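Worksheet: one structure, shown below.
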Amino acid sequence: MKIFNTLSRRKEEFVPLEPGKVKMYVCGPTVYNFIHIGNARPMIVFDTVRRYFEYKGYEVNYVSNFTDVDDKIIKKAMEEGVESEVISRRYIEECKKDMAGMNVKPATTHPQATREIAGMLEMIRTLIDKGHAYAAADGTVYFRTGSFKDYGKLSHKNLDELQSGFREIKVTGEEGKEDPSDFVLWKPKKEGEPYWESDWCQGRPGWHIECSVMAKKYLGEQIDIHAGGEDLIFPHHENEIAQSEAANGKPFATYWMHNAFLNIDTNGHVQKMSKSLGNFFTVREISERYDLQVLRFFMLSAHYRSPLNFSADLMEASKNGLDRILTAAERLRDAGNAAAAQGPDAEEGKLLSQEEAHRTAALELARKFEAAMEDDFNTADAVAAVFELVKLSNSTVSDDSSRAYIKFMEELLGKLCDVLGILTERKAEVLDEEIEAMIEARQQARKAKNFALADEIRGKLLEMGIVLEDTREGVKWKRA
Ligand code: AMP
Ligand code: ZN
């Protein structure tokens, strides 16, 4: 299996630290708002990487954090007049709902920065003791980048250039720095901010130290894969390497994987989707129009290292593509049920030998799928192989097919879709029940002459894309 490693800037053969196991850390979101679909890209992409390792029989320890102490969280808390924790707790819950909708598996561990402060203080202490960090007069602790000879190895930047570049920029409030390229490990609190006691000052950790500490605690000093969006290469991941390797005296991650951006075209201007530019859609907004499986499928239609432009047309194309797969899976289930009702498998030799040839062709497509995934997780080609399998299934499964052949096709398609995180059962069945329960509640409200409630339920259904029609035979509903 080949993985493009940002460290070496080439594809390398994957060799795990421990045979049969993968230790993987993916930088998670800062939780001060609903996640946007740009944030969803690394979630979907690296969940798919995890699923492929699991398909290959690896045991994956997958850790992804929530950054729950940050300027933006504090600002939002102040605006709402609540504690920071109220904000972070709320958006962690919302993020988990979005992840579930996109069929992103929960991580083995989802650590939260604020619960790992002791480990951070310990690592900062070690860095000071080893001469890699120092405390300034105001209690800020900085990492001494000049003390780590490999600084710049991930982003392929040269420390001398970095230092001279930084020297041009004077940042107020950082007078205590020995060098402008040094970065913060611990900083003093400001009025009204959450803080923790430490040897240096009452304060809070810098962002980078969180990930070094959480990776170490839940995965160990050395890990196989560290991943995130490409904006994290510098300074975040460069700084994580400096902290972890200086503190532990060992190489940190073997492979560094970075997804390219999700962009959006605004009036002919293609830009990265981001909160600060205000050009984003939240996952929640998308979920009002589409099943989030469509969003997932859209993300996987491109290679993770290629920029991807979000557009309504591409979402429609993804919706249709996904529908083709789900319809084929549905047909296989129906055919399987029908064949079962018919009783024994078809005995006719000619038919069975034809099926044998189709099975060979199907397995060939599964190998094509694997080859695409083995080549740095080329999901675009993997999806193409799934479409070919769908075509083969549609053209070869008929009323005469044997039960065994139908089952074989159904399982194979299901297995490959599972790697992509695509559920082959339409979610509609669960949804139908939910919708019908809501319609029933609305009927009850109307009977009780509680028209306000009845209208409210109708409004909620409309938000879910369900249109009601009161007919003589009762209430009918359809998807808008
Ligand atoms: P943040 O909450 O900004 O720290 O971002 C969480 C994760 O989402 C990081 O891995 C980012 O690199 C990633 N990310 C943010 N915006 C985008 C985008 N437009 N496209 C792809 N990944 C993104
Ligand atoms: Zn991180």
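The values are calculated or read from the model by the stated rules, or taken from the named source; none is laboratory data. Not measured: the values here are computed from a predicted model. Counting neighbours? That spans all protein chains shown, and the Cβs are built from the backbone with ideal geometry, glycine included.
Among (1) surrounded by 14 or more Cβ atoms within 10 Å (Cβ to Cβ); (2) without any contact (Cβ under 8 Å) to a residue 60 or more places away in the chain, where does Ile117 come up short?
(2)
Kindly check whether there is at least one residue in segment 70-89 that is closer than 29 Å to Asp150 by Cβ and surrounded by 20 or more Cβ atoms within 10 Å (Cβ to Cβ).
no
From the list Lys105, Lys11, which residue is away from ligand 2 (no atom under 16 Å from the Cβ), in a loop (DSSP other than H, G, I, E, B) and either in contact with a Phe, Trp or Tyr (Cβ under 8 Å, 6 or more places away or on another chain) or at pLDDT below 95 (or both)?
Numbers: Lys11 fails: in a loop (DSSP other than H, G, I, E, B).
So the residue among Lys105, Lys11 that is away from ligand 2 (no atom under 16 Å from the Cβ), in a loop (DSSP other than H, G, I, E, B) and either in contact with a Phe, Trp or Tyr (Cβ under 8 Å, 6 or more places away or on another chain) or at pLDDT below 95 (or both) is Lys105.
Taking the residues in segment 221-238 that are in contact with a Leu (Cβ under 9 Å, 6 or more places away or on another chain) and assigned to a helix (DSSP H, G or I) as candidates, determine which candidate is nearest to ligand 2 (Cβ to nearest atom).
Here the answer is His237.
Could you check, for segment 197-215, whether at least one of its residues is within 13 Å of ligand 2 (Cβ to nearest atom), in contact (Cβ under 8 Å) with a residue 12 or more places away in the chain, out of contact with any helix residue (DSSP H, G or I) (no Cβ under 7 Å at 6 or more places or on another chain) and assigned to a loop (DSSP other than H, G, I, E, B)?
Looking through segment 197-215, at least one residue is within 13 Å of ligand 2 (Cβ to nearest atom), in contact (Cβ under 8 Å) with a residue 12 or more places away in the chain, out of contact with any helix residue (DSSP H, G or I) (no Cβ under 7 Å at 6 or more places or on another chain) and assigned to a loop (DSSP other than H, G, I, E, B).
In segment 380-393, is there at least one residue being buried (at least 17 other Cβ atoms within 10 Å of the Cβ), touching a Phe, Trp or Tyr at 6+ places or on another chain (Cβ under 6 Å) and among the small types (Gly, Ala, Ser)?
Of segment 380-393, the ones buried (at least 17 other Cβ atoms within 10 Å of the Cβ) are 382-383, 385-386, 389-390, 392-393.
Right, trim to touching a Phe, Trp or Tyr at 6+ places or on another chain (Cβ under 6 Å) and you get 382, 385.
With the extra rule that they be among the small types (Gly, Ala, Ser), the set shrinks to 382, 385.
Yes; the residues of segment 380-393 include at least one that is buried (at least 17 other Cβ atoms within 10 Å of the Cβ), touching a Phe, Trp or Tyr at 6+ places or on another chain (Cβ under 6 Å) and among the small types (Gly, Ala, Ser).
Output the residues belonging to segment 261-303 that are free of Cβ contacts under 8 Å to residues at least 60 places away in the same chain, surrounded by 14 or more Cβ atoms within 10 Å (Cβ to Cβ) and within 30 Å of Arg9 (Cβ to Cβ).
Scanning segment 261-303 gives Asn263, Ile264, Asn279, Phe298.
Among the residues of segment 21-53 satisfying the criterion of being over 16 Å from Leu308 (Cβ atoms), touching a strand residue (DSSP E or B) at 6+ places or on another chain (Cβ under 6 Å) and not in a strand (DSSP E or B), which is nearest to ligand 1 (Cβ to nearest atom)?
Here the residue is Cys27.
Every residue in segment 254-279 that is closer than 25 Å to Val49 by Cα and assigned to a loop (DSSP other than H, G, I, E, B), please.
Listed by number, the residues that qualify are Ala260, Phe261, Met273, Ser274.
Can you give me the ranges of the helices (runs of 4 or more DSSP H) entirely in segment 336-421 with at least 1 residues that are modelled with pLDDT under 95, more than 23 Å from Arg296 (Cα to Cα) and in contact with a helix residue (DSSP H, G or I) (Cβ under 8 Å, 6 or more places away or on another chain)? So that I can check it myself, show each step before the final result.
Numbers: elements: 349-374, 379-396, 403-420.
In segment 336-421, 349-374, 403-420 are the helices (runs of 4 or more DSSP H) which contain 1 or more residues that are modelled with pLDDT under 95, more than 23 Å from Arg296 (Cα to Cα) and in contact with a helix residue (DSSP H, G or I) (Cβ under 8 Å, 6 or more places away or on another chain).
For segment 54-65: of the residues being without any contact (Cβ under 8 Å) to a residue 60 or more places away in the chain and surrounded by fewer than 23 Cβ atoms within 10 Å (Cβ to Cβ), which is farthest from ligand 1 (Cβ to nearest atom)? Give the derivation first.
Let us first name the residues in segment 54-65 that are without any contact (Cβ under 8 Å) to a residue 60 or more places away in the chain, namely 54, 56-60, 62, 64.
Filter again for surrounded by fewer than 23 Cβ atoms within 10 Å (Cβ to Cβ), leaving 54, 56-60.
On the way: Glu54: 22, Lys56: 24, Gly57: 28, Tyr58: 23, Glu59: 24, Val60: 18 Å.
Filtering segment 54-65 for residues that are without any contact (Cβ under 8 Å) to a residue 60 or more places away in the chain and surrounded by fewer than 23 Cβ atoms within 10 Å (Cβ to Cβ), the one farthest from ligand 1 (Cβ to nearest atom) comes out as Gly57.
Six or more apart or on different chains, Cβ under 7 Å: which pairs go from a residue in segment 25-37 that's more than 10 Å from ligand 2 (Cβ to nearest atom) to one that's of a type in the set (Gly, Ala, Ser)? Could you list them?
Pairs found: Val31/Ser88.
Exactly one condition in (1) of a type in the set (Gly, Ala, Ser); (2) in contact with a helix residue (DSSP H, G or I) (Cβ under 9 Å, 6 or more places away or on another chain); (3) in a helix (DSSP H, G or I) is false for Ala302; which is it?
Unmet for Ala302, out of (1) of a type in the set (Gly, Ala, Ser); (2) in contact with a helix residue (DSSP H, G or I) (Cβ under 9 Å, 6 or more places away or on another chain); (3) in a helix (DSSP H, G or I): (3).
Does Ala137 meet the test of being buried (at least 16 other Cβ atoms within 10 Å of the Cβ) and either in a loop (DSSP other than H, G, I, E, B) or modelled with pLDDT of 95 or more (or both)?
Numbers: buried (at least 16 other Cβ atoms within 10 Å of the Cβ): no; either in a loop (DSSP other than H, G, I, E, B) or modelled with pLDDT of 95 or more (or both): yes.
Criteria not met by Ala137.
Only residues that are more than 23 Å from Val184 (Cβ to Cβ), within 15 Å of ligand 1 (Cβ to nearest atom) and touching a strand residue (DSSP E or B) at 6+ places or on another chain (Cβ under 6 Å): list them for segment 233-264, please.
Within segment 233-264, Met257, Asn259, Phe261, Leu262, Asn263, Ile264 meet the criteria.
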